[in-house]
Amino acid sequence: MLDVQAAAANPPVIRREDYRKPDWLMPDVFLDFALDPARTIVTGRLDVTRNGDHGRPLRLHGDGITPLRVLIDGESQADAWRMDGPDLVIDLPRDAHVVETQVALCPEANSQLMGLYASGGNLCTQCEPEGFRRMVFFIDRPDVLSRYTVRMDADKARFPVLLSNGDLTGSGDLDANGKEGGRHWAEWTDPFPKPSYLFALVAANLAVNVDHFTTRSGKAVKLAIWVAESDLPKTGHAMAALKASMAWDEKVYGLEYDLGEYNIVAVHDFNFGAMENKSLNVFNSRYILADPDTATDIDYDGVSGVVAHEYFHNWSGNRVTCRDWFQLSLKEGFTVFRDQSFTADQGSAAVKRIEDVRLLRAAQFQEDAGPLAHPIRPESYMEVSNFYTATVYNKGAEIIRMLHTILGPQKFRAGSDLYFARHDGTAATCEDFVVAMEDASGIDLTQFRLWYSQAGTPRVRATLSHEPAGGRALLTLEQTVPPTPGQPEKKPMPLPLRIALFGERSQRKFEEERLVILDGDRCEILFEGIAERPVLSINRGFSAPVVIDSDRSAADLAFLSAHDDDPFARYEAMQQLMVDTLIGAVTAGRADHGPVIDAARNALTDPRLDSAFIGETMLLPSEAFIGDQMAVVDPVAIHKAREALRRDLGEALEDEWRDAYERTRANRFELSPQAKGARRLRSIALGFIMASGAEDGPQLALRQFMDADNMTDRQGAFGILANSMTPERDVAVAAFYDRFRDNGLVMDKWFSTQAFSIRPDTLDRVEELVRHPDFTLSNPNRLRSVVGAMSGNQLIFHEAGGRGYRFLADMLLKVDALNPQTAAKLVPPLGRWRRFDEGRAALMKAELQRLLDAPGLSKDMFEQVSKSLG
Ligand code: B3K
Ligand code: ZN
């Protein structure tokens, strides 16, 4: 891995302000792949045209490849080209030339999983963001769009399926010697110009689930999901999600699919979730395969969410792509917003919103508050792969959601219509998107643009005062945006806040909800006709991605958790009540669990609430989230306080939990929202029964584990048992392994459940797990199932003495040598050192320093580690 070794220290910084349009364009591209896992020969023939009046040479990006041959207009002109580092630079006299290059690759040795690589005996590609240059010398940037013709040949028996983007325009056997069992070839032509990052090629031995979709205008589309033969029965959910997404995009955005076929290929070794290559998506198999016995309800939701996301990219990403990688949120933020809206429309919008906000707070708020904070449109990077972040994706989606809230659905739709019409077939910018929204709505978004350039999570202090005599209430809102690296001073942002007041006595909402745009440092809002004491419901539906500081009492929060008519606000009130209770316990040693218990009893026995919602409401805030509210995180105290609350809730409401456990028992498996909600609540209830210390807890859990006819119930019980110091835990760990040892995706759960355990011996166990024969560093899912899980386990990772930190750093060094992109994604937990006590902070910094000093560190790691040290 020469290129990895060589990358290292002080890589150049790429800046958004340095953008220059490309010197050369490549309207047409022909690629030939003579495929073989050990030695693949790739020939690229590029029609290049000078872009503008300049004398600059043609620079073709390369990464770890060497030319076997370079032809310029069919001739080898050795003095016309040279290597400049990894790139091939060619002096070209005229404005149009044909450049042909040839390289040799070894896909089976490609452990980075970027470019052409082998997974499970099949060959596939991953190009976004800069993997294409690992296969072909190319102008590998998203604003150079080409029409591709791709020819490939391969051993027919080993790789019977040959796929690329677009339409199949030719195929046949290559039996030049008249022999059997030889090679075959296929040619694919994609009529839509696209950037190199959307290129894909697959050569595989896979079976296919075929279905059809007829678009609104009557076009028939063949849908094909390619998986191992034995996995075919697990593709139904993905197929249904694909069809539902196609129909939804027509209905909600007026966007139709544009080609005759849509292929999805599932592979086991993949750096992230999936990839939206034009008409040939490649997926991490965990986001395709689902059946009741092996996938949890969360896995099912993951499949439909990611299938939808990749499908929606066909417009938001492919038809209109990004000018440069600083614009990544243009496609990712918008597409996440689109997939979130799709999922909300398919099931419970309230539960979906709660889950999305929980994820935002867990991943993005932490990022925004730490050394890697960046705006959704970053200003600079060393390695763009490090910017596929929760900020670009999830905060990016919140920013599109705020536009939707501010403009309203009709104007937002007019804006998106205008955006697609204006920019179809081009590479656009975030600014283009905002301008389209502005032009279509007539609403000035000048100040709104700050959301693209300022990092950090705004905080809003809300103070409500009431003057009973005059029947008036005055709400004062003050915003601050905290400093972030490189941005010490911030301007106030426009924050759309949905607000309502409730009468404490009448339990009624005063007037209709208001949408207030807080666009200065401070504003006051007057409510009239408020005869009784009002209770404030603010940021309903989480209308702005901000932190609200209000001094609402436990009684007010309990009131809202029972009476607010906005389900998100109701959930939020309960969460805030729990957070306040836990912070009180940790910082002041107070632990009055009474108000939480009363509010929980209300929710558990409220016949108007569905199980899914009750389940969400009863989830205790995560240890990490509680830590985020503290000046100095004390992981042990947080853990103790949280477990004490869990135990008290379990004890005080044992009858209610047992009742919930019984009423959610199902006779047979169904995938309806009701059945999913019931399963969720059932395992949560089991957890509280177990926490209460009830004698039959472990047996109850083991029975659920053993009798389950679905993975949700089985995993629910397994997770609870894995935390316990009981013999039942050992039985479950062994039984799970015996039953599922041959199923990689399920084994990931076996590994991660143990790495997430709060048992005091978890670090010992984690060290055993990485020596287990089924553990491997080369499969990203497996790696994350142990290393990612352990470092997300706040109690264990931050064990005093720094063993968790050392373990993570040791693993990162090993992974970096194989797969820098995936290694770098695992750095952030160490970067949170500023949030901890001096002892832990010093230990974390020492591990970061050890990483930084390691010879041959990749630039991916260098960027993450050096920025984390600050
Ligand atoms: N666009 C891809 C992500 C590529 C990540 C490269 N590090 C998947 C997605 O967001 O849909
Ligand atoms: Zn995406």
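The values are calculated or read from the model by the stated rules, or taken from the named source; none is laboratory data. For clarity, every value in this text was computed on a predicted model and none was experimentally measured. Glycine also receives a Cβ, built like all others from the backbone with ideal geometry; neighbour counts cover every protein chain displayed. To get the accessible areas, we keep the full protein, side chains included, count just its heavy atoms, and leave off ligands, DNA and RNA. Shrake-Rupley method; radii C 1.70, N 1.55, O 1.52, S 1.80 Å.
Dividing the convex hull volume of the alpha carbon atoms of region 396-469 by its residue count, what do you get in Å³ per residue? Walk me through the numbers on the way to the answer.
Details: hull volume 9.7 nm³, N = 74.
Value for region 396-469: 131 Å³ per residue.
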Problem set entry | Estimated inter-spin distance, residue 491 and residue 23, nm [label 7 Å along Cα→Cβ] | 3.6 nm
Exercise. By its C-alpha gyration tensor, with a ≥ b ≥ c as the square roots of the eigenvalues, how is region 624-695 shaped: rounded for a/c under 1.5, else prolate for a/b larger than b/c, else oblate?
Worked result: oblate
Exercise. Once both axes come from the Cα atoms, what is the angle between helix 554-563 and the longest principal axis of the chain, in degrees from 0 to 90, rounded to 10?
Worked result: 70 degrees
Problem set entry | Accessible area in square angstrom per residue, the chain, 1.4 angstrom probe | 38 Å²
For this session: Determine the relative contact order of the chain: mean sequence separation of Cα pairs under 8 Å and six or more apart, normalised by residue count, in whole percent.
Result: 9 percent
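Give me the Kirkwood hydrodynamic radius of region 416-567, using the inverse of the mean 1/r over all pairs of distinct Cα atoms, in Å to one decimal. Walk me through the numbers on the way to the answer.
On the way: mean 1/r = 0.0568 Å⁻¹.
The Cα-based Kirkwood calculation yields 17.6 Å.
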Problem set entry | Mean shadow area of region 629-781 over all directions, Cα convex hull, nm² | 11.1 nm²
For this session: Can you find, among 71, 318, 237, the residue farthest towards the positive end of the dipole of the chain? Put +1 on the C-beta of Lys and Arg, -1 on that of Asp and Glu.
Result: 318
Exercise. Points 7 angstrom from Cα along the Cβ direction at residue 424 and residue 741: gap in nanometres?
Worked result: 5.6 nm
Exercise. Taking amide hydrogens as modeled 1.01 Å from N in the peptide plane, which residues meet the under 5 Å criterion relative to residue 119, leaving out close sequence neighbours?
Worked result: 124
For this session: Compute the projected area of the convex hull of the Cα atoms of region 227-279, averaged over all viewing directions, and report it in nm² to one decimal place.
Result: 4.6 nm²
Seminar exercise, completed: Cα extents of region 1-113 along the principal axes, largest first, in whole Å, come to 42, 37, 26
Exercise. Just how large is the dipole of the chain about the Cα centre, in debye to the nearest 20, putting +1 at every Lys and Arg Cβ and -1 at every Asp and Glu Cβ?
Worked result: 460 debye
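Compute and list, largest first, the equivalent-ellipsoid semi-axes of region 280-423 from the alpha carbon gyration tensor, each √(5λ) rounded to a whole angstrom.
Details: eigenvalues 110, 80, 59 Å².
Listed largest to smallest, the semi-axes of region 280-423 are 23, 20, 17 Å.
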Problem set entry | Extreme residue, positive dipole direction of region 490-537, given options 518, 530, 492 (C-beta unit charges) | 492
Exercise. To the nearest 10 degrees, how steeply does helix 654-663 sit against the main Cα axis of the chain, on a 0 to 90 scale?
Worked result: 50 degrees
Seminar exercise, completed: A 1.4 Å probe over the protein heavy atoms gives region 1-152 a carbon and sulfur accessible-area percentage of 48 percent
Exercise. Residue 298 to residue 96: FRET efficiency via 1/(1 + (r/R0)^6), r the Cβ-Cβ distance, R0 60 Å, to the nearest 0.05?
Worked result: 0.65
Exercise. Between residue 803 and residue 157, what length comes free when the chain is fully extended (0.36 nm per residue of separation minus the Cα-Cα distance, one decimal in nm)?
Worked result: 227.6 nm
Seminar exercise, completed: The equivalent-ellipsoid semi-axes of the chain, taken as the square roots of five times the Cα gyration tensor eigenvalues and listed largest first in whole Å, are 46, 32, 27
Seminar exercise, completed: Packing-ranked peptide list from 547-554, 752-759, highest mean Cβ count within 10 angstrom first, is 752-759, 547-554
Problem set entry | Whole-angstrom gap from region 254-321 to region 642-663, using each part's C-alpha centre | 39 Å
Problem set entry | Degrees separating the helix 567-588 axis from the principal Cα axis of the chain, which is the longest one | 70 degrees
Exercise. Label residue 56 and residue 587 with points 7 Å out from Cα along Cα→Cβ: what is the distance between them in nm?
Worked result: 5.3 nm
Problem set entry | Area projected by the alpha carbon convex hull of region 115-212, averaged over all directions, nm² | 7.5 nm²
Exercise. How about region 442-542: which trypsin sites (Lys or Arg not before Pro) there lie in a loop by DSSP and see at most 14 other Cβ atoms within 10 Å?
Worked result: 505, 508
Problem set entry | Cα principal axis extents for region 646-736, largest first, Å | 34, 33, 16
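Pull out the extension gain between residue 669 and residue 519, defined as 0.36 nm times the separation in residues minus the alpha carbon to alpha carbon distance; nm, one decimal.
Once the chain is fully extended between residue 669 and residue 519, it gains 49.0 nm.
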For this session: Give me Rg over Rh for region 558-662, both radii from the alpha carbons and Rh done the Kirkwood way, two decimal places.
Result: 0.97
Problem set entry | Dipole-positive endmost among 168, 553, 182 within the chain (Cβ charges, Cα centre) | 553
For this session: Would you please state the base-10 log of I(q)/I(0) at q = 0.18, 0.21 1/Å for region 48-183, with intensities from the Debye formula using one equal scatterer on every alpha carbon?
Result: -1.18, -1.37
Exercise. Once the Cβ-Cβ distance between residue 87 and residue 838 is put in as r, and R0 is 45 Å, what FRET efficiency do you end up with, to the nearest 0.05?
Worked result: 0.45
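Using a Förster distance of 30 Å, how high is the FRET efficiency between residue 344 and residue 636, based on the Cβ-Cβ distance and rounded to 0.05? Don't skip to the end; give the middle numbers.
Details: r = 38 Å, r/R0 = 1.27.
Here the calculated transfer efficiency is 0.20.
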Exercise. Quick one: Karplus J couplings for region 306-323, per residue in order, coefficients 6.51, -1.76, 1.60, θ = phi - 60°, nearest Hz, x for Gly and Pro?
Worked result: 6, 4, 4, 4, 5, 4, 4, 4, 4, 9, 7, x, 9, 5, 10, 10, 9, 5
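Tell me, what % of the accessible area of region 387-460 is carbon and sulfur with a 1.4 angstrom probe? Mind dumping the intermediate values first?
On the way: 1270 of 2420 Å².
Carbon with sulfur: 53 percent of the solvent-accessible area.
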For this session: Assuming 0.692 mPa s and 37 °C, estimate D for region 722-809 with Stokes-Einstein, Rh taken as the Kirkwood radius over Cα pairs, in µm²/s.
Result: 250 µm²/s
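How much length is gained on full extension from residue 291 to residue 772, taking 0.36 nm per residue of separation minus their Cα-Cα distance?
Details: separation 481, 0.36 × 481 = 173.16 nm, distance 2.66 nm.
Result for the pair: 170.5 nm of gain on full extension.
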Exercise. Using a probe of 1.4 angstrom, how much of the accessible area of region 669-808 is carbon and sulfur, in percent?
Worked result: 52 percent
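Output the Kirkwood hydrodynamic radius of region 192-239, Cα pairs only, in Å rounded to one decimal. Don't jump to the answer; show the numbers that get you there.
Numbers: mean 1/r = 0.0769 Å⁻¹.
One over the average 1/r among Cα pairs gives 13.0 Å for region 192-239.
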